[in-house]
Amino acid sequence: MSRVRGTRGSTLPGRVALKICPRFLRLAVRQVRRGVVMVTGTNGKTTTNNMVAGVLESAGYRVIANREGANLVWGVAAAFVAGAGAFGRIKADFATLEVDEASLPVVASHLAPDLLVVTNFFRDQLDRYGELDRTVELVQRAIGKLPLTRLVLNADDPLVAQLGKGENKTLFFGLAQTVRLTATVQTREARFCPACGRELSYAFYHYSQLGDYRCLTCGFARPGAAVEGQAVRGGDRLEFTVRWPAGQTSVSLDLPGYYNVYNALAAFSVGVALGLPEKAMVEGLARFAPAIGRMERFSHRGRPVYLNLVKNPTGFNESLAAMLTGSGTKDVFMAINDNDADGRDISWLWDVDFEALARDPAPYLSFTCAGIRAQDMALRLKYAGVPVELIRVIPGLVEGIEGALAGRGALVYLFSTYTALWRSQAILKEVLARGEEPATGLAERRRALR
């Protein structure tokens, strides 16, 4: 019914299924032949989960996945509904499921995963999650009730690494020391040792608290990474080497963003844990196409257009870092909403390093601020030192996106918080489909898109 109405159906079918049959997930997962992989953490869940699905499919397996990022219990249930036949039969080898950190205890109580991937922990939506310690505690508590689950953990994040179980239960992934072409000034989330509370000492940082750390008091330190990325080369695409127990291999990703190396390493680690062929892992990652708003790439009049979700300081900083590496002039669009799903508190914008844009403003031709909190975004850019003549406040998404695309930059970057993301993509697709046609009827189209 959702599809007939033209909507995505990424949540509602799950709500209905669980209302009709509260045991739906327990019954559905029994039909999955080989196992369940769950992905949780603050940033990178959707991309990592979809990469895992791609790697498994490259190995020849049938997969159920909540690819659109609906990661509460209803979204997980909707993924099983979508993967089922008319009579409820599920023919899948694996289920790969992105799960919200706060929802992990509930979802895991319905279906215990064979593998649990934890990407990272950063401050995110404080009005919903509370302080970061609470988020870590929720995941830790859920893991405590999953004695048979193997963990795939980010060794470079001390908040994640502390979750490690015994040697046979945990596989760590991480990055060797590498030189970044561009980095922003980062807010460090974990300065103190999770074991004893003393300040951590770092040999180097990759970004935020991710790096090579050690507590000089109790000895807590970055664990050795069984799967380690090396020699990262970036730009519009990423290339790097992966060292793993069976050897070394080269990986190529057709997307920008240094942080995506971590997502790929997590997916590669799942492949290692499941004993997949090296070829399947490399090819699955090479063919990966990003989900909506995860550095999603479009083309407008021969120039690249990128749409990316932003929702917390670390994620926005890394998105800015990806933009800074792009060569050529740029027009930038930023849509900031403060609906419930975005988080009502937008003070996190002041922890984002927008000052990096002001340090070299020459490549930027315009900054269009849109959404419910367009004026707040414009004010933040002004205080960051961005030239005020480049800043435009256009609250309407349609007019704002059209304004950004009308710019003369060689590249266009669109950054959007969650509730503006789907509408921004729909508007962007409509404008791109329109192409060079005359402006006749634009008012009607704009009303429809609103």
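Read-outs: derived from the displayed coordinates by stated rules, not from any lab. Everything numeric here is computed off the predicted structure, so don't read it as measured data. Because the Cβ atoms are built from the backbone with ideal geometry, glycine has one as well, and the counts that use them run over all protein chains shown.
Some notes on this structure:
- Projection of the Cα convex hull of the range 257-307, averaged over all directions and equal to a quarter of that hull's surface, yields 4.2 nm².
- DSSP-defined antiparallel bridges as percent of all bridges, the chain, nearest 5: 35 percent
- The three principal axes of the C-alpha atoms in the chain carry coordinate ranges of 60, 59, 41 Å, sorted with the longest axis first.
- Cα gyration tensor shape of the range 132-252, rounded if a/c is under 1.5, else prolate or oblate by comparing a/b with b/c: oblate
- Taking one quarter of the surface of the C-alpha convex hull of the range 57-140 gives a mean projected area of 6.5 nm².
- Per-residue ellipticity at 222 nm from helix content only, as computed over the chain with -39500 (n - 2.57) for each DSSP H run of at least four residues, stands at -10000 deg cm²/dmol.
- Calculated SAXS-style log₁₀ I(q)/I(0) at q = 0.15, 0.16, 0.19, 0.20 Å⁻¹ - the range 200-281, Debye, Cα scatterers: -0.62, -0.69, -0.90, -0.96
- Inter-label distance for SER347 and GLN248, nm, one decimal - labels placed 7 Å from Cα along Cα-to-Cβ: 4.8 nm
- A P(r) calculated from all alpha carbon pairs of the range 296-449, with 10 Å bins opening at zero, reads 11, 45, 35, 9, 0 percent.
- Among 20-30, 281-291, 328-338, the order from most to least packed when residues are scored by Cβ within 10 Å on average: 328-338, 281-291, 20-30
- The C-alpha atoms of the range 305-370 occupy a region whose extents along the principal axes are 36, 21, 16 Å, arranged from largest to smallest.
- Amide H partners (placed H, <5 Å) of ALA92, local residues excluded: ARG33
- Solitary cysteines of the chain, where the nearest other Cys Cβ is not under 4.7 Å: CYS21, CYS369
- The lysine pair count for the chain, using Cα distances under 19 Å and pairs eight or more places apart or on different chains, is 4.
- Classification of the range 1-77 by its C-alpha gyration tensor yields a prolate form. The axis ratio a/c (a ≥ b ≥ c) is 1.5 or more, and a/b outweighs b/c.
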